[in-house]
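Derivation of every value follows stated rules applied to the coordinates shown; laboratory data play no part. Just so we're clear, the structure is a prediction, and the values are computed from it rather than from any experiment. When we count neighbours, we look across all protein chains shown, and the Cβ atoms used for this are built from the backbone with ideal geometry, even at glycine.
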Amino acid sequence: MFALAMGIATANAQENVTVETTNGSEQPTLTKEVYPQKEADGDLYHGLSRKLTFDRMIPPHGLEVTYDKTVHVIFPAEVRYVDLGSPDLIAGKADGAENVIRVKATVRNFPNETNMSVITEDGSFYTFNVKYAAEPLLLNVEMCDFIHDGSTVNRPNNAQEIYLKELGSESPMLVRLIMKSIHKQNKREVKHIGCKRFGIQYLLKGIYTHNGLLYFHTEIKNQSNVPFDVDYITWKIVDKKVAKRTAVQEQIILPLRAQNYATLVPGKKSERTVFTMAKFTIPDDKCLVVELNEKNGGRHQSFVIENEDLVRAGTINELQVR
């Protein structure tokens, strides 16, 4: 009890709360930063609560919707989460587009303003105040991709501080910056891994690691005059030696992110991609095989990565994104 009393006294001292005796009962005299605990007040909470200040707020955008027309909101990254504050709204991803949300009113002339919140793959959180309008001023809205400096006066309408489960403790924004930096610097740290067939060369230029994630920098060079259409790229761990009539055990590794994923490499051109993956290692009797497959063609490419290549992955010490 003594420790509990001391803890309460310390908390009260930190909030500059004093106690007055009125009619034999104790009532807290509160500072302007603490919500009062009075039923007559509209801000009743269970226990003392600190008020949220302006620098904690993400200012919402204003969005108008209507019943007979669809409003499209275009985001700079794939949409992961949408929450609607009222059944008066309906929203969903546009068919075939992961970064476009379409929004409509489900009833005509709904009277009360509501809200909508969106989280995107890059860790951004967007919030909107939504109201009904017979003729919305903006039917197609493009959200800007920007980063704030953390100050109150320059706080944007999106906060890039949302963490996603597949990236562990790494910020999605930092992952994106690391991929852009690797792509921008374009260094060839690995010089012995790659393949070349039919005028197509597929190279591994570098392996990097940061905070539990691996980054692979690859390049496709088309030295022929015929464009190369990428069908798919697979990453799988397989046995180095497989006896005949023995089932092959494969472990598929799925990339978490890709910077500048190439789907077409024109003739006499090259394209580079940076892949992000969760950290893994390879047993001594296995290897990582990366396969590049051509769509409607046979100029497939593949190369092998050993565990000794992974453990020599470089570290990310500085970012270069401009």
Query raised in the report: So which lysines can K241 reach, going by Cα to Cα under 16 Å and dropping same-chain residues fewer than 8 places off?
Result: K286
**Report entry** Pairs from K187/K269; K93/K180; K93/K205 whose Cα-Cα separation, in the structure shown, is over 29 Å
**Finding:** K93/K205
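Can you sort Y67, Y208 from fewest to most other Cβ atoms within 10 Å of each residue's own Cβ?
Y67, Y208
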Query raised in the report: Taking H as built 1.01 Å from N, whose amide H comes closer than 5 Å to the amide H of L89, not counting residues under 5 places away?
Result: T106
Query raised in the report: What list of ³J(HN,Hα) couplings, whole Hz, do you get for the range 187-197 from phi and the Karplus terms 6.51, -1.76, 1.60, once you set θ to phi - 60° and write x for glycine and proline?
Result: 8, 9, 7, 10, 10, 10, 10, x, 8, 8, 8
Query raised in the report: Name the trypsin sites (Lys or Arg not before Pro) in the range 190-238 that are in a loop by DSSP and that have at most 12 other C-beta atoms within 10 Å, would you?
Result: K191
Report summary line: In nm, the gap between the two label points placed 7 Å beyond Cα toward Cβ at V107 and N140 is 3.2
Query raised in the report: Within straight cross-link reach of K51, meaning Cα distance under 29 Å, which lysines are found once same-chain residues fewer than 8 apart are removed?
Result: K32, K38, K131
Query raised in the report: Check N115: other-chain or 5+ apart residues with amide H under 5 Å from its amide H, H built from backbone geometry?
Result: G85, S86, V130
Query raised in the report: Among T114, T106, which comes first, then next, by fewest other beta-carbon atoms within 10 Å?
Result: T106, T114
Query raised in the report: Roughly speaking, what is the centre-to-centre gap between the range 254-317 and the range 201-232 when only Cα atoms are used, to the nearest Å?
Result: 5
Report task. First obtain the Kirkwood hydrodynamic radius of the range 173-315 from its Cα pairs, then insert it into the Stokes-Einstein equation at 37 °C and 0.692 mPa s, and state the resulting D in µm² per second as a whole number. Result -> 208
